[in-house]
1. Applying the selection to segment 1-36, what residues are part of a loop (DSSP other than H, G, I, E, B) and surrounded by fewer than 20 Cβ atoms within 10 Å (Cβ to Cβ)?
2. For a quick check of your reading: which helices (runs of 4 or more DSSP H) sit entirely within segment 140-229 and have at least 2 residues that are closer than 30 Å to Trp29 by Cα and at pLDDT 90 or above?
3. Taking Val258 as the residue in question, decide whether it is surrounded by 14 or more Cβ atoms within 10 Å (Cβ to Cβ) and more than 28 Å from Leu187 (Cβ to Cβ).
4. Residues of segment 37-76 being assigned to a loop (DSSP other than H, G, I, E, B) and free of Cβ contacts under 8 Å to residues at least 24 places away in the same chain, which ones?
5. Please go through (1) modelled with pLDDT of 95 or more; (2) among the aromatic types (Phe, Trp, Tyr); (3) under 20 Å from the mean Cα position of the chain (by Cα) for Tyr136 and return the number of the only condition it doesn't satisfy.
6. Out of the residues in segment 55-85 that are crowded, with 16+ Cβ neighbours inside 10 Å and in contact with a Ser or Thr (Cβ under 7 Å, 6 or more places away or on another chain), which is nearest to Arg41 (Cα to Cα)?
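The values are calculated or read from the model by the stated rules, or taken from the named source; none is laboratory data. In this text, all values refer to a predicted model and were calculated from it rather than measured experimentally. Note that we place each Cβ from the backbone using ideal geometry, even for glycine, and neighbour counts take in every protein chain shown.
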Amino acid sequence: MIYNFRIDRDNRDEVLRRLRENQLLCQGWGGGTEGKLSLEREDYVVACRTRYGLTSTRIPTNLSRIKDLRDGDLLVTPHLPKNGQVSVHIVDGDFPTCYSYLDSDDFHLNNQLLVKASYGLNGSVSIYNRLFVPWYGKLQWLRLPVLPIEEFEGIFRQLIDDLHSSPAKTFPRSNIDEYLNSLTKELLKVLRSSLSKISPSISDISFEKVCEYLVTESGYSIERRNIYNKVGGDVDLKCVRERSNISPFESGQVTLFVQIKKHAGTTDDTAVKQLLQMMKDEPAADGCVISLADDYTADAKELAKRHDILLLNGKSLSQLCLQVLGRRPDAVAGD
């Protein structure tokens, strides 16, 4: 489990000292020098409200969540070690093993939690880094001391993994370009994953239909589908485009042969060879291979370059698809 864990920022220096020296993450509302406000008291909620003159029991009731802590849980502390920074701590042991109480404390930080590791205490992690945008967007609503934030666990697990493998790595404040680039990458990742899950060709919602849509949105009309010439030639789409659609000073048609492969990993030179066999009968035609694969083999790239055939891999296809989807009227209207 993962929790947003707000500290007493007025006593931040003391919180940091105890973390660095004793691996203890401290929480307030502990009774101060008078003590007697251990979370293990059955009447802690009422006693805390009385001790601090609170108008409701919201805060002490929320603090009782600490009793739910288990070994390995993550505690995310905003504005620690400084304002605008964040650190993450791993709980050491199930409650009450991870918990200790100071009978008297001038800072009222009587409630102490043992942590086995902390990340970001050197100030290397900015709260404004693009990685934390989803969490930071909700931070202003996370007002109570201890709140579960399981929807953001993946973000902070990634942070821990990165810092564990590269302790010197920093997560500085990001600018808008970095954020938008990151957002674009995430959208492309989701889009490509979705494309990988649909049928290759046997239904109206298929990878071939998506590719056909992208081609027509680029100004082509589909003249024929699934053409074979019995000597190795094979194309999924024969497309035509009027030259006058691009320039009023040109006439005639441009022919484009498209071969579509819903591959993973790499695509070999077979698709290129199939196009070349078909293009022998129409040497003026252009050729294009569209694949969902990460890349093409060296032989495929060399053969395509020699014959001026365009190769679109999964990354390029996803980028084109994102551009085209953004132009759809229903996307613009937000329907």
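1. Once the filter is applied, which keeps residues that are part of a loop (DSSP other than H, G, I, E, B) and surrounded by fewer than 20 Cβ atoms within 10 Å (Cβ to Cβ), segment 1-36 yields Met1, Asp8, Gln23, Gly35, Lys36.
2. In segment 140-229, the matching helices (runs of 4 or more DSSP H) lie at 153-165.
3. In short, no.
4. Those that are assigned to a loop (DSSP other than H, G, I, E, B) and free of Cβ contacts under 8 Å to residues at least 24 places away in the same chain: Arg41, Glu42, Asp43, Gly53, Leu54, Thr55, Ser56, Thr57, Gly72.
5. (1)
6. Residue satisfying both the conditions and the ranking: Thr77.
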